[in-house]
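**Student:** One structure, pasted below without further comment.
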Amino acid sequence: MGASILSDLGTEILIPVCAVIGIAFSLLQWVLVSKVKLSPGRDPGSPRNNGAGGKNDCADYLIEEEEGLNDHNVVLKCAEIQSAISEGATSFLFTEYQYVGIFMVAFAILIFVFLGSVEGFSTKSQPCTYDQSKICKPALATAAFSTISFLLGAVTSVVSGFLGMKIATYANARTTLEARKGVGKAFITAFRSGAVMGFLLAANGLLVLYIAINLFKIYYGDDWGGLFEAITGYGLGGSSMALFGRVGGGIYTKAADVGADLVGKVERNIPEDDPRNPAVIADNVGDNVGDIAGMGSDLFGSYAESSCAALVVASISSFGINHEFTPMLYPLIISSVGIIVCLITTLFATDFFEIKAVKEIEPSLKRQLIISTVLMTIGIGVVSWVALPSSFTIFNFGNQKVVKNWQLFLCVAVGLWAGLIIGFVTEYYTSNAYSPVQDVADSCRTGAATNVIFGLALGYKSCIIPIFAIAVSIFVSFSFAAIFAAMYGIAVAALGMLSTIATGLAIDAYGPISDNAGGIAEMAGMSHRIRERTDALDAAGNTTAAIGKGFAIGSAALVSLALFGAFVSRAAISTVDVLTPKVFIGLLVGAMLPYWFSAMTMKSVGSAALKMVEEVRRQFNTIPGLMEGTAKPDYATCVKISTDASIKEMIPPGALVMLTPLVVGIFFGVETLSGVLAGSLVSGVQIAISASNTGGAWDNAKKYIEAGASEHAKTLGPKGSDPHKAAVIGDTIGDPLKDTSGPSLNILIKLMAVESLVFAPFFATHGGLLFKIF
């Protein structure tokens with residue numbers, strides 16, 4: 001079969017070094033962002049202080065004076081608003097983490113008890129599941145190490161989300177201040193801040209997983225099957241925390257957003273982010289806890305799960321059986337090279353090309369996706385050549401199939417390029433530069449009803465190409481799988497889609513940071529020219545955020561399928577026959593779950609928004625001088641409404657997702673559970689795509705009318721016109737779709753799959769109680 005070119009020692013050096021480089025690069029970006037000071041005054045060497053500057057310095061100074069750069073009151077106001085947003089976001093996350101911490105401990109105990117009971121808490125070594133001639137570590141050890149890896153994944157996910165939020169709130173006001181010097185300076189500040197989060201999350205996730213594998217190896221020794229079964233807890237921990245982060249953060253941000261928009265824009269006809277609006281601080285806090293912390297935890301969960309799925313399948317194949325360390329860690333090497341590729345790609349946005357005009361912002365962000373994909377394709381080719389033997393065997397539902405290294409390269413590359421296709425299709429359906437969104441905007445002429453109809457139709461139609469792209473990537477990977485690489489091909493295809501996660505997250509985080517920057521500019525009373533620049537940054541961020549959601553949904557589909565395959569193998573299910581009643585009832589119930597989950601999250605946003613609307617109306621009606629700007633609103637009450645509502649409302653949807661696999665597995669068995677997983681995957685992906693794209697289209701249709709950049713848009717405006725009010729209503733309906741229900745469905749389908757994988761031994765041994773009784 002041959003050996004890999006890259007030695008085991010080389011692998012042991014390469015992975016941690018790449019992770020450390022990623023962390024170092026993120027810290028460098030943070031240092032560069034921190035050079036923008038949030039305090040008034042000029043540098044000691046400035047021409048104002050000593051007159052020693054040259055001609056260019058004087059010219060810069062004149063421009064700064066024109067833009068109000070030296071207005072100390074503006075700087076102080078920006079710092080004050082930034083502090084309020086940061087404090088609100090930190091307070092919410094700490095409150096959320098207290099509840100999540102209780103769940104984390106309780107579920108960790110559940111994992112240990114359930115998995116430990118598989119062999120009656122025996123401490124004796126057992127025959128290996130996949131090779132009865134060999135002796136493996138006891139089930140109690142797998143229970144203990146699965147619990148530890150679950151806690152590791154949960155803590156890493158929480159830390160990733162929290163760090164992302166702190167970085168975003170650190171950078172938002174700095175982006176606002178840089179916008180006075182030009183759109184290029186503001187873009188670089190926002191993008192570098194996003195890069196801090198992207199590289200920290202990618203590098204930390206990789207490093208923690210690599211360290212955990214090496215520490216677990218000390219105990220497991222040659223029992224690599226047991227080792228990587230235990231590692232699956234890492235993905236479960238990451239995704240379970242992401243669920244609460246996404247749902248809780250999504251409810252928070254959309255309750256504030258809906259309340260601010262309905263009363264502020266529609267009823268009171270005041271601009272977005274107007275400081276007179278009592279919900280404006282809560283709205284800006286929500287951008288950070290939902291779109292930043294939630295998205296960070298979500299993509300970390302996808303990365304952890306795809307890595308774990310690939311490692312589990314590889315551990316029972318020739319890599320694991322022959323203890324080939326470098327090929328075994330092929331998924332981690334891909335992620336390591338991805339960090340270096342993303343680092344080079346980032347330099348194209350921050351150093352190699354300068355943004356000089358508003359129209360260059362969106363192309364620059366799209367260039368990031370294309371450059372990273374092209375470079376990563378080359379990187380995957382090199383990794384597949386040096387880290388894999390020329391041929392090897394992969395476990396395929398009870399059989400060992402021979403695979404060539406170039407076939408595995410194709411699987412990864414197909415996943416990578418499928419992600420890019422999904423991203424650009426998402427952009428087409430959600431960007432106001434193209435006809436679908438313009439058609440939605442045009443439908444606002446006849447009111448909100450036609451706007452809603454057109455938006456829903458757009459969302460449904462936008463499913464077509466992404467589903468085909470996912471289907472083709474599955475077919476190509478599984479074509480090799482059916483003949484060659486089985487579920488391992490699907491797992492590495494998912495990893496391929498996530499291999500450029502650092503760039504994807506940087507682009508994603510850029511959006512909310514720019515949105516916050518615009519809000520701060522409005523609240524600080526900065527000039528219309530500054531607000532136009534931040535709005536341009538925000539508009540590009542909206543589109544790229546939709547692209548990021550497309551990536552997340554596509555990768556979730558592939559990750560879930562890979563986890564499903566690993567579950568079927570681990571639960572010793574020979575075939576999943578949909579014609580059997582056990583499986584078919586599971587399919588029906590599984591297909592229903594995303595609708596149930598979406599109903600819960602949508603109603604949660606509606607209930608919280610209702611309270612917010614009532615509070616904002618009360619303040620406008622009872623606080624004298626609020627509309628005139630002579631009195632301050634009570635921001636704290638609105639922040640408290642969002643916090644209390646999101647904490648209370650995130651529990652039922654979270655319980656639905658976490659308890660479903662346990663209830664089905666224990667009472668109905670692994671066959672029915674396999675049907676539930678398949679059903680939720682098939683329907684969840686469709687709903688997630690349509691919900692995210694419908695909401696994104698309504699949002700950008702509203703912005704299209706507000707910007708009035710084309711003759712068509714001018715006929716629909718200005719702000720406050722009837723078409724604009726209809727667009728605001730559509731945007732308000734779309735908010736919970738694109739920022740709460742849609743993104744959370746990614747986690748539903750992944751989390752149920754990885755939870756089933758972790759508990760598979762218990763379900764296989766003790767599950768199906770009802771069928772055993774009857």
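**Student:** Just from its helices, what would the mean residue ellipticity at 222 nm be for the chain, if runs of 4 or more DSSP H residues each count -39500 (n - 2.57) and the sum is divided by every residue, rounded to the nearest 500 deg cm²/dmol?
**Tutor:** Result for the chain: -26500 deg cm²/dmol, rounded to the nearest 500.
**Student:** Mind ordering 107-119, 450-462, 698-710, 551-563 by average Cβ neighbours within 10 Å, highest first?
**Tutor:** 551-563, 698-710, 450-462, 107-119
**Student:** Hey, can you rank 434-440, 210-216, 755-761 by average C-beta count inside 10 Å, highest first?
**Tutor:** 755-761, 434-440, 210-216
**Student:** Here's another thing I want to ask about it. Which value results when the Cα radius of gyration for the range 372-512 is divided by 2.2 N^0.38 Å?
**Tutor:** Against the empirical 2.2 N^0.38 Å value, I get 1.35 for the range 372-512.
**Student:** If you don't mind, another one. What percentage of the solvent-accessible surface of the chain, computed with a 1.4 Å probe over protein heavy atoms, is contributed by carbon and sulfur atoms?
**Tutor:** Taking all protein chains in place, the chain shows 66 percent carbon and sulfur surface.
**Student:** What is the gain in length, in nm to one decimal, between L588 and N269 on full extension, counting 0.36 nm per residue of separation less the C-alpha to C-alpha distance?
**Tutor:** 110.2 nm
**Student:** Moving to a separate point now. Using a 1.4 Å probe and ignoring any ligands, DNA or RNA, find the accessible area of K37 and quote it in Å² to the nearest 10.
**Tutor:** 130 Å²
**Student:** Taking the Cα-to-Cβ direction at F348 and at K714 and moving 7 Å from each Cα, how far apart do the two end points lie in nm?
**Tutor:** Once both label points are built, they end up 3.6 nm from each other.
**Student:** Kindly flag which residue pairs out of K265/K702; K265/K603; K366/K549 have an alpha-carbon separation exceeding 20 Å in this structure.
**Tutor:** Exceeds cut-off: K265/K603.
**Student:** Now a separate question. Return, ordered by residue number, the residues of the range 749-774 whose backbone nitrogen is under 17 Å from a label point located 7 Å along Cα→Cβ of F667.
**Tutor:** So the set is 763, 766-774.
**Student:** Classify the chain as rounded, prolate or oblate from the Cα gyration tensor: take a ≥ b ≥ c as the square roots of its eigenvalues, call it rounded if a/c is under 1.5, otherwise prolate when a/b beats b/c and oblate if not.
**Tutor:** Judged from the Cα gyration tensor, the chain comes out prolate (a/c at least 1.5, a/b above b/c).
**Student:** Leaving out ligands and nucleic acids, note down the accessible area per residue over the chain with a 1.4 angstrom probe, in whole Å².
**Tutor:** 34 Å²
**Student:** Also, I was wondering about something else. In what sequence, highest mean first, do 313-324, 286-297, 141-152 appear when ranked by Cβ atoms within 10 angstrom?
**Tutor:** Most protected by this proxy first, the peptides run 286-297, 141-152, 313-324.
**Student:** Hey, rough spin-label estimate for T575 and I135, points 7 angstrom out along Cα→Cβ, what's it come to in nanometres?
**Tutor:** Between T575 and I135, the label points sit 3.8 nm apart.
The values are calculated or read from the model by the stated rules, or taken from the named source; none is laboratory data. None of the values given here were measured: they were computed from a predicted structure. Neighbour counts run over all protein chains shown; Cβ positions are idealised from the backbone, glycine included. Quick note on the areas: whole protein, heavy atoms, side chains included, nothing else; ligands and nucleic acids left out. Shrake-Rupley method; radii C 1.70, N 1.55, O 1.52, S 1.80 Å.
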